[in-house]
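Notes follow the structure.
The values are calculated or read from the model by the stated rules, or taken from the named source; none is laboratory data. This is a predicted model, so every value here is computed, not measured. Cβ sites come from the backbone with ideal geometry, for glycine too, and all protein chains shown count toward neighbours. Keep in mind that these areas ignore ligands, DNA and RNA; they rest on the heavy atoms of the full protein, side chains included. Shrake-Rupley method; radii C 1.70, N 1.55, O 1.52, S 1.80 Å.
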Amino acid sequence: MYENDYALERRLKELDPELHQRFSAVVFSAPYILSKYKTLFPTFTDHSIIHSLDVIEFCNKIIGDQIKMMNADEIYTLLLGCYLHDTGMGVSKEDYLEFTPQIDFGDYFINHDKDDIPAIVRSYHHEYSGLFIKKYANFFDFPSKEHQFVVTQIARGHRKINLEDKKEYPITYPLNNGNTICLPYLAALVRLADEIDVTAARNCLVDFKPTSLTKEIDIIEFAKHEAVKNLQITDQEMIVEVETDDTKLIKELEKLVEKMQHTLDICRHAVNGVCKFTIHQEKVILDIKKAESR
């Protein structure tokens, strides 16, 4: 049985050393690409390589023994999806101007007509990520157009997108080598792992110094992350361990857990009973402890 630490990476190397080498080449350049988010979001919750590594670790824990059921292509595309899902947070001005006309914003601008570029990117960074991956596909050296499509869809699917759309997320997406990929499962894993990366450790690299101009929503988000000390994943639950005595903050944390539960429900519905994989965790639990005196 695999331990959680680097289970996906180790399994990929066992199954297909060549794919592992391609993956490793992307990992080498990923820190620089992901650090670009600070241009638009200098005090925002961490979206660096550290966040990507946390997402992979949560995927390992959610997958568990099902890793034995995954083929090399599924592991490869999942790992790249984890690393590249937030590339859209750091789009350059040039890419922003190129990508924006290609995105279907629906009625977004009816109620957000005064949003600036950071607000727009923040709301649709999953789509900007997908377009970024598509534009720079040669740089990532995907083995095929099919692999590129899968990684793009995983990045897009980490928020908002309907994972039950069989055209966008086929259950058995065929590759030229004879393998198939279960796209809803891979996208659901990244969506769920991204959603639950809320611990205080995620703020360790963020220089957050609120000023009179800092938006209240950013202050609240930072405070919530600071209060979450750990997140445990068992066979059936996800337990959010919190330390705080602040009743207002507790209400915000309750909303956070409700949002996490909603995402878990969406992911379970898109996967369970639909394909050979299962998301076993059913509940997100808020475990509140009194803050330790300093």
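Residues of the stretch 260-294 being small (Gly, Ala, Ser) and either in contact with a Lys or Arg (Cβ under 6 Å, 6 or more places away or on another chain) or open to solvent by 50 Å² or more (accessible area, probe 1.4 Å) (or both), which ones? Can you show your working first?
Within the stretch 260-294, the first condition is being small (Gly, Ala, Ser), and the residues that meet it are 270, 273, 291, 293.
Matches in the stretch 260-294: 273, 293.
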Of all the residues that make up the stretch 25-70, how many are polar (S, T, N, Q) and part of a loop (DSSP other than H, G, I, E, B)?
4
What tally of residues in the stretch 133-169 results from selecting those that are loosely packed, with under 15 Cβ neighbours inside 10 Å, basic (Lys, Arg) and on the phi < 0 side of the Ramachandran plot?
4
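For the structure I just gave you, tell me whether residue 33 is surrounded by fewer than 18 Cβ atoms within 10 Å (Cβ to Cβ), out of contact with any His (no Cβ under 6 Å at 6 or more places or on another chain) and at pLDDT below 95. Give the derivation first.
Working: surrounded by fewer than 18 Cβ atoms within 10 Å (Cβ to Cβ): no; out of contact with any His (no Cβ under 6 Å at 6 or more places or on another chain): yes; at pLDDT below 95: yes.
In short, no.
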Condition (residue is in contact (Cβ under 8 Å) with a residue 40 or more places away in the chain, on the phi < 0 side of the Ramachandran plot and surrounded by fewer than 22 Cβ atoms within 10 Å (Cβ to Cβ)) applied to the stretch 85-97: is it met by at least one residue?
yes
With respect to residue 109, is the statement that it is open to solvent by 20 Å² or more (accessible area, probe 1.4 Å), of a type in the set (Phe, Trp, Tyr) and in a helix (DSSP H, G or I) true?
yes
